[in-house]
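Note sheet for the following structure.
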């Protein structure tokens, strides 16, 4: 070999060694980003929990439900007055029940949620590194995902099974692209077990597989997801509730047929509805979170189109806000769609440009709407907490509750005392509020005669239903107090 040939060989070997070294370093950077995300949001979630700084209703629902399941009780969640699986068919929680026994606390659910939400960063990195062939861009896409405000705001919104969906659907898309049929089928099944409307994500995955990978497998996924949605919504939920889903009323214009009738006969009215209540701004936020980069090859991003349609159609104003859990599953779909779009670009400079736009948009979106340390909303993650004196007092009062005593408690306390068969959010059950299947608001429930303890503020305001407390206070005596709160015990007749 000539000296020139040896020089070229040495240069090639050096280049390969350098590339491998850079790739490994970039992989470490991506890992560091994931670790930082997990650490930051576990810290915020637990600080929020211990400081009584979050609305605890949904967290308490799933914590009481998991406690009931793991202790072999019927999963009738008294916090909401419905069977856990009649409210939503989140049977994936049954698979998690054995692990819940290892960490049987709400804190475990909060940590689990953060880990599940961080998980899609791995398939995003692997797909980007393989198909874009740039560890730098792969790492930037991991950052784009972790900075997504849909993800971050949902992460601090108590606990919801949608966190499982975020992880499962990202792996399902990864498996579909990589032609890993066994993994795809497992992720599809798990996704369907998250919630009764999971078909809205799984069906588009099946259509993509049918078009791009294998018609038989893809159409099997489509048919299976539709069949399960019918069973979950038309059989399981009515059987467990004794009524149709309470969420069916979220479809405007009188339900599905009324919606289609409005579309056919009064499209202007439907259009006026769809541009109201901030829905266009919600769409803008979705696209801005990745700089609309997915539009350059949108077929993977379109997997989320049915979920977006459900959110826009719903008359529940919470759904078309990025503050809540409903939008979380869209975060990995948007970033995986962006990854796919970048990979489809024929020239390196276009890939670099799109990746830069997506990352820049993610940084900006996070600053405007996220909960990173530099975000304008960062203070919302640390505001509204009780004083240390009140926190210590509540911890003291909670220790005074006997195991499995029947309790009605002040709203922010409920997720700290929900490991019992019967626990209610004040003023329920003395004055039903946000409870049951039918409209029982204002009714005094028969179980009110079983309430042994009340954990409430000592000074009751009108918003805390002071009138209800006046009606029943004669039947209870104050046994502990501190920090402006009191533990009241039912008086026992001699």
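Brief remarks follow.
- Residue in region 323-346 that is surrounded by the most Cβ atoms within 10 Å (Cβ to Cβ), counting only those that are in a loop (DSSP other than H, G, I, E, B) and under 11 Å from the mean Cα position of the chain (by Cα): 329
- Residue list for region 254-268, filter: under 23 Å from residue 437 (Cβ atoms) and in a loop (DSSP other than H, G, I, E, B): 254, 255
Residue-by-condition table, conditions (1) crowded, with 18+ Cβ neighbours inside 10 Å; (2) in the same structural domain as residue 82 (by TED's automatic domain parsing); (3) farther than 26 Å from residue 85 by Cβ:
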{"position": "367", "(1), (2), (3)": "no, yes, yes"}
{"position": "370", "(1), (2), (3)": "yes, yes, yes"}
{"position": "373", "(1), (2), (3)": "no, yes, yes"}
{"position": "423", "(1), (2), (3)": "yes, no, no"}
{"position": "427", "(1), (2), (3)": "yes, no, yes"}
{"position": "432", "(1), (2), (3)": "yes, no, no"}
{"position": "461", "(1), (2), (3)": "no, no, yes"}
{"position": "465", "(1), (2), (3)": "yes, no, yes"}
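- Residues that are part of a helix (DSSP H, G or I), under 21 Å from residue 124 (Cβ atoms) and touching a residue at least 12 places away in the same chain (Cβ under 8 Å), drawn from region 186-205: 187, 188, 190, 191, 201, 202, 204, 205
- Top-ranked residue of region 470-494 - restricted to ones that are touching a residue at least 40 places away in the same chain (Cβ under 8 Å) and within 14 Å of residue 430 (Cα to Cα), ranked as surrounded by the most Cβ atoms within 10 Å (Cβ to Cβ): 472
- Odd one out for residue 292, checked against (1) crowded, with 16+ Cβ neighbours inside 10 Å; (2) touching a helix residue (DSSP H, G or I) at 6+ places or on another chain (Cβ under 6 Å): (2)
The values are calculated or read from the model by the stated rules, or taken from the named source; none is laboratory data. Keep in mind that this is a model prediction, so the values were computed, not measured. Every residue, glycine as well, gets a Cβ built from its backbone with ideal geometry; the counts of neighbours run over all protein chains shown.
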